[in-house]
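A.B. asks: Sharing a structure below in structure tokens format, with a few things to ask.
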Amino acid sequence: MNLAIRDITDDDISHVVALWHASGVARPWNDPGRDIAFARRDAHSTVLVGLDGGQIVASAMVGEDGHRGWVYYVAIAPERQRSGLGRTMMQAAEGWLKQRGVWKVQLLVRADNAQAASFYEQLGYSDTRSVCLQKVLD
Ligand SMILES: CC(C)(COP(=O)(O)OP(=O)(O)OC[C@H]1O[C@@H](n2cnc3c(N)ncnc32)[C@H](O)[C@@H]1OP(=O)(O)O)[C@@H](O)C(=O)NCCC(=O)NCCS
């Protein structure tokens with residue numbers, strides 16, 4: 001495995017959206033293009049992409065909100081899962097946050113995604129026993 005990790009570029013967007021659909025992190029009620037553009041709007045967040053042989057095989061959106069770090073859209077190409085790429089992308093996301101002085105990172109896992117929960121637990125994440133409440137503002 002030889003993964004090159006960098007910030008997303010304009011040319012990557014369609015490939016990242018395809019990766020999100022293939023891996024199941026895209027949801028019908030979220031617009032991936034809008035989410036990517038919003039993550040890229042300033043220096044508080046980005047989308048990291050992982051490339052192997054020039055092909056995008058992994059992603060992680062990472063950012064900080066002035067208090068905590070957050071990670072979203074952790075996605076590995078289905079045929080490349082369980083080979084350490086997820087762990088590598090999470091290390092990159094955590095490194096991005098540490099460089100900016102962020103000392104705690106959190107993320108959301110859907111209650112029916114037991115595999116993702118196992119993955120994050122393996123990486124040292126634990127359930128905060130909090131409930132996420134959400135409201136759409138527009
Ligand atoms: C979840 C996901 C990001 C994990 O990435 P990955 O590259 O497959 O994971 P890694 O190979 O780095 O796994 C690291 C460790 O996590 C654990 N793990 C990973 N996937 C697991 C699974 N499906 N079930 C149980 N444990 C798992 C294992 O302990 C693994 O180590 P091992 O392979 O030596 O046993 C990837 O499977 C994925 O993209 N899934 C679909 C999208 C998704 O659910 N994203 C998370 C949204 S919250």
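A.B. asks: Any idea which residue in the range 115-138 is nearest to the ligand (Cβ to nearest atom), counting only those that are part of a loop (DSSP other than H, G, I, E, B) and surrounded by 10 or more Cβ atoms within 10 Å (Cβ to Cβ)?
C.D. replies: In this case the residue turns out to be Leu123.
A.B. asks: Could you grab me the full set of residues in the range 78-93 that are within 10 Å of the ligand (Cβ to nearest atom) and either in a loop (DSSP other than H, G, I, E, B) or closer than 19 Å to Gly24 by Cβ (or both)?
C.D. replies: The answer is Pro78, Arg80, Gln81, Arg82, Ser83, Gly84, Leu85, Gly86, Arg87, Met89, Met90.
A.B. asks: Being over 18 Å from Arg6 (Cβ atoms) and not in a loop (DSSP other than H, G, I, E, B) is the filter; apply it to the range 49-71 and report the residue that is farthest from the ligand (Cβ to nearest atom).
C.D. replies: Looking at residues that are over 18 Å from Arg6 (Cβ atoms) and not in a loop (DSSP other than H, G, I, E, B), I get Glu64.
A.B. asks: Go through the range 1-33 and give me each residue that's under 22 Å from Ser83 (Cα atoms), at pLDDT 95 or above and not hydrophobic (A, V, I, L, M, F, W, C).
C.D. replies: Residues satisfying the conditions are Arg6, Asp7, His15, His21, Ser23, Gly24.
A.B. asks: Considering only residues that are part of a loop (DSSP other than H, G, I, E, B), loosely packed, with under 12 Cβ neighbours inside 10 Å and not aliphatic (A, V, I, L, M), which ones fall in the range 94-114?
C.D. replies: Gly101, Trp103, Lys104, Arg110, Asp112
A.B. asks: Being away from the ligand (no atom under 14 Å from the Cβ), over 22 Å from Gly50 (Cβ atoms) and small (Gly, Ala, Ser) is the filter here; which residues of the range 94-114 pass it?
C.D. replies: Result: Gly101, single match.
A.B. asks: Please go through the range 18-48 and pick out each residue that is part of a helix (DSSP H, G or I) and closer than 23 Å to Ala114 by Cβ.
C.D. replies: Residues satisfying the conditions are Leu19, Trp20, His21, Ala22, Ser23.
A.B. asks: Filtering the range 28-43 down to residues that are charged (D, E, K, R) and surrounded by 11 or more Cβ atoms within 10 Å (Cβ to Cβ), which residue is nearest to the ligand (Cβ to nearest atom)?
C.D. replies: Residue satisfying both the conditions and the ranking: Asp35.
A.B. asks: Which members of the range 72-121 meet the condition of being within 27 Å of Asn2 (Cα to Cα), among the basic types (Lys, Arg) and out of contact with any Asp or Glu (no Cβ under 8 Å at 6 or more places or on another chain)?
C.D. replies: Arg82, Arg87, Lys98
A.B. asks: Need pairs with beta-carbon distance below 8 Å; first residue at pLDDT below 95 and within the range 34-57, second not aliphatic (A, V, I, L, M); sequence gap 6+ or separate chains.
C.D. replies: none
The values are calculated or read from the model by the stated rules, or taken from the named source; none is laboratory data. Predicted model only: the values in this text are computed from it and were never measured. Here the Cβ is made from the backbone with ideal geometry for all residues, glycine too, and neighbour counts use every protein chain on show.
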